[in-house]
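The values are calculated or read from the model by the stated rules, or taken from the named source; none is laboratory data. In this text, all values refer to a predicted model and were calculated from it rather than measured experimentally. For neighbour counting, all protein chains shown are included, and Cβ atoms are generated from backbone atoms with ideal geometry for every residue, glycine included.
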């Protein structure tokens with residue numbers, strides 16, 4: 001997992017570090033920011049809309065139900081820690097498939 005500083009194993013799942021850019025033109029992964037995956041979201045950072053959009057997008061990307069992705073820290077911050085109920089190796093493969101270059 002050392003190839004992905006944004007990914008940490010946790011029990012049967014993992015924790016993903018994310019830097020969010022709200023109110024973007026389109027939603028998607030957009031590179032790296034200070035050891036975190038940078039994700040642009042069309043949702044505004046109002047009343048949890050950006051958090052909901054992030055959880056929905058990530059769950060869809062990983063083929064998981066929304067309940068399998070949870071914001072652990074950073075609910076009111078652009079820097080977030082997300083608990084994902086999927087093995088870190090599977091999430092690492094997904095990160096590789098994004099073709100964003102090295103973190």
Working only within region 1-31, note down all residues that are buried (at least 18 other Cβ atoms within 10 Å of the Cβ) and outside any loop (DSSP other than H, G, I, E, B). 7, 13, 14, 15, 16, 17, 18, 19, 20, 29
From the list 100, 37, which residue is surrounded by 17 or more Cβ atoms within 10 Å (Cβ to Cβ) and either outside any helix (DSSP H, G or I) or on the phi > 0 side of the Ramachandran plot (or both)? 37
Which of the residues belonging to region 49-69 are over 16 Å from residue 98 (Cβ atoms) and exposed (fewer than 14 other Cβ atoms within 10 Å of the Cβ)? 65, 66, 67
Flagged in region 82-94 as surrounded by fewer than 19 Cβ atoms within 10 Å (Cβ to Cβ) and within 25 Å of residue 25 (Cα to Cα), in numbering order, are 94
Are any of the residues in region 71-79 at pLDDT 95 or above, within 11 Å of residue 14 (Cβ to Cβ) and crowded, with 16+ Cβ neighbours inside 10 Å? no
Determine if region 45-58 includes at least one residue that is under 11 Å from residue 20 (Cα atoms) and either in contact (Cβ under 8 Å) with a residue 40 or more places away in the chain or touching a helix residue (DSSP H, G or I) at 6+ places or on another chain (Cβ under 9 Å) (or both). yes
How about region 75-97: which of its residues are more than 12 Å from the chain's Cα centre (by Cα) and part of a loop (DSSP other than H, G, I, E, B)? 75, 76, 77, 85, 86, 87
